[in-house]
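Notes for the one structure printed next.
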Amino acid sequence: MTEKTLPFTKAQLETIIAKYPTPFHIYDERGILNCARGFLDAFAWNAGFKEYFAIKALPNPFIMKLLHNAGFGIDCSSLAELEIANMTGLSGEEIMFTANDTPASEFQRAKELGAIINFDDISHIAYMERNCGLPDLISFRYNPGPLKEGNMIIGNPEEAKYGFTREQMLEGYKLLKQKGIKRFGIHTMVASNELSPDYFVETAAIIFELIVEIHRKTGVRFEFANLGGGIGIPYRPDQQAVDMQRVSAGIRKLYDEVIVANGLAPLKLFFEAGRAITGPHGYLVAKVLHIKETYRKYAGLDACMANLMRPALYGAYHHITIPGKEHLPHTVCYDVTGSLCENNDKFAIDRMLPELAEDDIVVIHDTGAHGHSMGFNYNGKLRSAELLLHPDGAVSQIRRAETLDDYFATLDITEL
Ligand SMILES: *Cc1c(COP(=O)(O)O)cnc(C)c1O
C-alpha cells in the first residue's frame, strides 16, 4: 500500500493558485531530494556508483541543478537534452548519452561535452568514426532478446528497437579493441515502470555474466555497468514502491559472486532512472470547469491530455485528490476529462470521487516524470507552467506557461 498524500494544504494551494493560475505542475523539492539521497545511500557500498537522471522524464534545468548538487549525473538522448546538461553545468563523464537512431550532430555534441557515449547499434561505431571520430570511453546497449521478458511500456526485448544482440556485443567490443579503444562500459535497459525489485537483480545477473563472457572471449575489462532506468513507481494506492535497499542487496551478492570472484572488480555501477526519482513528487493541479451529465457523469478540467498524456497513451492510472474533500465519501462515479477534441482525453474513467462542483481544485498525482515533458500543442493547447515547492513552503516558478505568442512564434505572418 502507498498512501497518496499531498505536500501542501488546501489553503497553501489556494495561495499558490492566486499567483499562478491553474493548470500547472508543481514539484516537491523535499520529496525529490529525499528520494535522490535514498538512492545513492542504497548503493554506497559500490565505489564510483552513479545515478544519471534520465532528463527526458523532467527536462527542467532547475530540477537537474538540484539533482546535480545531490551528486547525480544526467542521462541524455537528444541535442536539447545535451544542452540542458551544458546549461546546468554538467560536463564530461557526468553526462551519459544513451540515444538511438542517433544523428551525427548529436554524437558530435556529446563528444564535445566529453559525455560517455552509449551506442545503440553496432553500425554506430563506423558511423561515429566516419562523422566525428570515436571517443575514448564507449559503452554498448545490450538487448537480451529472448533471455528476458520486457513489459508493457517498452515491449518484449525481441520486438524492441533498442540495443545490440549478444553476438553483436562480442563482435563490437572486439572491433573497438582493434581500433585502439581502451575504456569500456556496458548498458542495458529492458523494462519501464517495473515494480518488482527482483527484476533489477535479474537484469544485473544477465549483465554480470555477459561481462565475464566478453572478458573471457575478448580480453575487454569494463569500468562500469549501467543498469538503465525503468524503476517503477506506485501509481495506484495498492502498489508498493521498489525497495532499493533490497535491489542493492541482491545486486551486491551477485557482484561478489560473479564480478569479484572472476577478478573483474572494481566495476562501477550506474543507473539512469528518471521516473523513480521525480515521478511521485510532481502534481498536476487543475480546476473543475464543468460538470456534465449525459449517458455518464463528466468532470471537465481546465487541464487536458496536452498537460499529462500518460492516461490516454498507456491507459495509465493517476490517483486524484480533491483538496478539502479528501475525507468525504467517494460516492460519485466520474470520467475526469480535458478539453481536447479527442475522446481519449480523459485523466480517469469510472473514478469514484466525492461529489464535485465547478471550481473545485483537482490534484492529479505522480506527474513528476513523463508528465509536463510529454506535453504537446495539438488543438492549440498551451503547455502549463512548472512550479517548485521548496522545503520552507516557498514556491518558485521554474518554467512559465506558454502564451499564444509562443504558439505562433514559428509563423512569419508578415508573409501571409
Ligand atoms: C526512458 C529512459 C530512461 C528512464 O526511464 P525511467 O522509466 O524514467 O526510469 C533511462 N534510460 C533510457 C535509455 C531511457 O530511454
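Could you tell me whether region 245-305 comes out rounded, prolate or oblate from its Cα gyration tensor? Rule is a ≥ b ≥ c as square roots of the eigenvalues, rounded for a/c under 1.5, then prolate if a/b exceeds b/c, otherwise oblate. Prolate, because a/c is 1.5 or more and a/b exceeds b/c.
When Rg and the Kirkwood radius Rh are both evaluated on Cα atoms of the chain, their ratio Rg/Rh stands at 1.00. From the square roots a ≥ b ≥ c of the eigenvalues of the alpha-carbon gyration tensor of region 280-408, which class results: rounded (a/c under 1.5), prolate (a/b over b/c), or oblate? Taking the square roots of the gyration eigenvalues as a ≥ b ≥ c, region 280-408 is oblate. When the Cα positions of Asn100, Pro197, Leu170 are compared along the charge dipole of the chain, Leu170 comes out farthest toward the positive end, with charges on each C-beta of Lys, Arg, Asp and Glu.
The aspartates and glutamates whose alpha-carbon is closer than 19 Å to the alpha-carbon of Lys292, local same-chain residues fewer than 8 away aside, are Asp302, Asp335, Glu342, Asp345, Asp350, Glu355, Glu358, Asp359, Asp360.
What FRET efficiency comes out for the pair Glu358/Glu402, r = Cβ-Cβ distance, R0 = 22 Å, nearest 0.05?
Numbers: r = 25 Å, r/R0 = 1.14.
Calculated transfer efficiency: 0.30.
The loop-placed chymotrypsin sites (Phe, Trp or Tyr not before Pro) in region 31-132, going by DSSP, that have at most 15 neighbouring Cβ atoms within 10 Å of their Cβ come out as Trp45. Other residues within the sphere of radius under 12 Å centred on the Cβ of Leu353, judged by their own Cβ, net out at -2 (K and R +1, D and E -1).
With contacts taken as Cα pairs under 8 Å at a separation of at least 6 residues, region 217-334 carries a relative contact order of 27 percent.
Where only DSSP H runs of four or more residues are counted, the chain gives -8500 deg cm²/dmol as its mean residue ellipticity at 222 nm, each run worth -39500 (n - 2.57). In this structure, the residue pairs whose Cα-Cα separation is over 32 Å, taken from Lys325/Lys346; Lys50/Lys346; Lys56/Lys325, are Lys50/Lys346; Lys56/Lys325.
Coordinate-derived values only; no laboratory data. Just so it is clear, the structure is predicted and the values come from calculations on it, not from any experiment. FYI the Cβ positions are ideal-geometry reconstructions off the backbone, even for glycines, and counts take in every protein chain you see.
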